[in-house]
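Notes follow once the structure below has been shown.
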Amino acid sequence: MDFKKLTLGDQILGGTSLAVFLVLLIFPWHSVDFGLGSFDIGATESPNGFWGLLGILLALVLLASVIVKMTTAKVPDLPIPMGDAQFYGAIAMLAVLVLKLVLETESLAIGAYLAILLSGGAVYGGFLLKGQGAAAGSTPPQAF
């Protein structure tokens, strides 16, 4: 793997995607304090655990798209440039996590805030990649 192949956008997208993945798995999304003790709920647990799992999946896909750029593997051509697909994937990850946040706003913990902040960083990394890759092997769709 050659890290020199990565642009700034790739580095930001890959780093923030890895961080979002770890935050969603490790840090609590909700924390309830009962006075005698506290109870933490992760992002993949109820309420709305599906959105947390979808956020993890999107983070893994974005991370994999960056890792593939460091290898010599050939990726199938997409109907849109890879940079655009990464940008839209980062937007989807942010949207899923904002939806999870909005659906249940009581007793939010540090994981919720970190995941939203890092997802915003992933969108910025994807924005830097948007439009790249059109000249690097992918051909635009042909009209019939």
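Restricting attention to segment 13-41, the residues being of a type in the set (Val, Ile, Thr), open to solvent by 40 Å² or more (accessible area, probe 1.4 Å) and within 17 Å of Ile56 (Cα to Cα) number 1. Take the conditions buried (at least 18 other Cβ atoms within 10 Å of the Cβ), within 13 Å of Leu129 (Cβ to Cβ) and among the aliphatic types (A, V, I, L, M) and apply them to Leu62. Does it pass? Yes: the conditions hold for Leu62.
Okay, residues lined up against (1) modelled with pLDDT of 85 or more; (2) out of contact with any helix residue (DSSP H, G or I) (no Cβ under 9 Å at 6 or more places or on another chain); (3) surrounded by fewer than 15 Cβ atoms within 10 Å (Cβ to Cβ); (4) under 20 Å from Gln11 (Cβ atoms):
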{"position": "Thr72", "(1), (2), (3), (4)": "no, yes, yes, yes"}
{"position": "Met82", "(1), (2), (3), (4)": "yes, no, no, yes"}
{"position": "Ala90", "(1), (2), (3), (4)": "yes, no, no, yes"}
{"position": "Met93", "(1), (2), (3), (4)": "yes, no, no, yes"}
{"position": "Val98", "(1), (2), (3), (4)": "yes, no, no, no"}
{"position": "Val102", "(1), (2), (3), (4)": "yes, yes, yes, no"}
{"position": "Gly111", "(1), (2), (3), (4)": "yes, no, no, no"}
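Do we find a residue being in contact with a strand residue (DSSP E or B) (Cβ under 8 Å, 6 or more places away or on another chain) and of a type in the set (Val, Ile, Thr) anywhere in segment 35-50? Taking every residue of segment 35-50 in turn, at least one turns out to be in contact with a strand residue (DSSP E or B) (Cβ under 8 Å, 6 or more places away or on another chain) and of a type in the set (Val, Ile, Thr). Quick check on segment 40-53. Is at least one of its residues out of contact with any Gly (no Cβ under 8 Å at 6 or more places or on another chain), among the small types (Gly, Ala, Ser) and either in a loop (DSSP other than H, G, I, E, B) or at pLDDT 95 or above (or both)? So far as segment 40-53 goes, yes, one or more of its residues are out of contact with any Gly (no Cβ under 8 Å at 6 or more places or on another chain), among the small types (Gly, Ala, Ser) and either in a loop (DSSP other than H, G, I, E, B) or at pLDDT 95 or above (or both).
The values are calculated or read from the model by the stated rules, or taken from the named source; none is laboratory data. Nothing here was measured: the structure is a model prediction, and the numbers come from that model. Backbone-built Cβ (ideal geometry, glycine too); neighbour counts: all protein chains shown. Remember, those area values only see protein heavy atoms, side chains included, never the ligands or the DNA or RNA. Shrake-Rupley method; radii C 1.70, N 1.55, O 1.52, S 1.80 Å.
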